[in-house]
Amino acid sequence: MTLLQIIVLAIVQGITEFLPISSSGHLILVPLLVNWPDQGLLMDVGVHIGTLAAVMLYFRSDVMNMIKACFHLISRNKNIIETDKRLMIAVVLSTIPIVIVGGIVSKMGWNDAWRTLEIIGWTSIIFGLFLYIFDEKCAVTKTIMELRYGQAMIIGFAQILAIIPGTSRSGITMTAARALGFSRTEAARFSMLMSIPTIMAAGAIESLELIKSGDLVLGADILLGAGLSFLTALLAIVGLMKWLEKSSMTPFVIYRVILGVALLGITYGLN
């Protein structure tokens, strides 16, 4: 990969991972539109490490509290804080569906069949409109501390749809959380906390494939990709949380619709 490719792909991954506009869709789009070769699994692992570090740093208080709750639960420590335990269990429960279904899809090799401009175009528009409807019409009062385990599972099942490129993992989980009545900032917060075990699981699958292939040389390219994705992801998280404190998801919806229409225009215009 050239230096330009590394920089562009790392920045795209970092910016789009937590915004409701689909990181996987954009990472597929960039090579397709500019005729670049696939970035490879090693670079995928690198940029995932970067984004994982960013979200864990931003939500470090929640992460530490959940880790403590996990150890207290295992050791049956009576000093466990109930709210931390509930949040930890909710995040775990919400991750189970995507880990199971995502593992099956990856094992069967079905991912490649969906990596097309047409599919990304349609999913970008359709799920963007769902985001707009539920963001505008639903209540904005609930906080994560009011999240029930059943609701966490509903959001987790919604996350399965993100396997289809263009859907957006953060977008569909925020949509589900908004549909359940959670505020914009709390929907984004839970979506990003859910991303931690999800990114870990995806990274584990990619790492296993790397081990099988024997391509484990960690070079400066991967470190650069991880570093850039970390910085851009952190900026994206900070920007998104500040934006949602005062504004809606509408700008992201508009972007998704414009992108989807453009991609469908390219797709059907070429046929």
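Residue 59 versus (1) touching an Asp or Glu at 6+ places or on another chain (Cβ under 6 Å); (2) closer than 14 Å to residue 170 by Cβ: which is the lone unmet condition?
Condition not satisfied by residue 59: (1).
Step by step: first the residues of segment 245-269, then only those that are in a helix (DSSP H, G or I) and farther than 22 Å from residue 24 by Cβ, then the one that is farthest from the chain's Cα centre (by Cα). Which residue is that?
Keep residues of segment 245-269 that are in a helix (DSSP H, G or I), which gives 245-246, 250-269.
Going one step further and asking which of them are farther than 22 Å from residue 24 by Cβ, we end up with 245-246, 250, 268-269.
On the way: 245: 20, 246: 22, 250: 19, 268: 29, 269: 31 Å.
Ranking the qualifying residues of segment 245-269, first place goes to 269.
Just one of 177, 152, 204 is under 22 Å from residue 254 (Cα atoms) and part of a helix (DSSP H, G or I); which is it? Write out each step before concluding.
Details: 152 fails: under 22 Å from residue 254 (Cα atoms); 204 fails: under 22 Å from residue 254 (Cα atoms).
Residue meeting the stated conditions: 177.
For residue 65, are the conditions met, namely being assigned to a loop (DSSP other than H, G, I, E, B) and either hydroxyl-bearing (Ser, Thr, Tyr) or over 24 Å from residue 223 (Cβ atoms) (or both)?
No; evaluated as a whole, the condition is false for this residue.
Could you list, in sequence order, the residues of segment 115-126 that are surrounded by 17 or more Cβ atoms within 10 Å (Cβ to Cβ), in contact with a helix residue (DSSP H, G or I) (Cβ under 8 Å, 6 or more places away or on another chain) and assigned to a helix (DSSP H, G or I)? So that I can check it myself, show each step before the final result.
First pass over segment 115-126, keeping only residues surrounded by 17 or more Cβ atoms within 10 Å (Cβ to Cβ): 115, 117, 119-125.
Narrowing the set further to residues that are in contact with a helix residue (DSSP H, G or I) (Cβ under 8 Å, 6 or more places away or on another chain) leaves 115, 117, 120-125.
Passing the criteria: 117, 120, 121, 122, 123, 124, 125.
So, in segment 98-143, exactly how many residues are of a type in the set (Lys, Arg) and under 25 Å from residue 201 (Cβ atoms)? It would help to see each step written out before you state the result.
Residues of segment 98-143 that are of a type in the set (Lys, Arg), as a first pass: 107, 115, 137, 142.
Those left that are additionally under 25 Å from residue 201 (Cβ atoms): 107, 115.
Residues that pass the stated criteria total 2.
Quick note: the coordinates plus some simple rules give every number you see, no bench work behind them. The structure presented is a predicted model; accordingly, all values stated were derived computationally and were not measured. All Cβ positions, glycine included, derive from the backbone under ideal geometry; neighbour counts span all protein chains shown.
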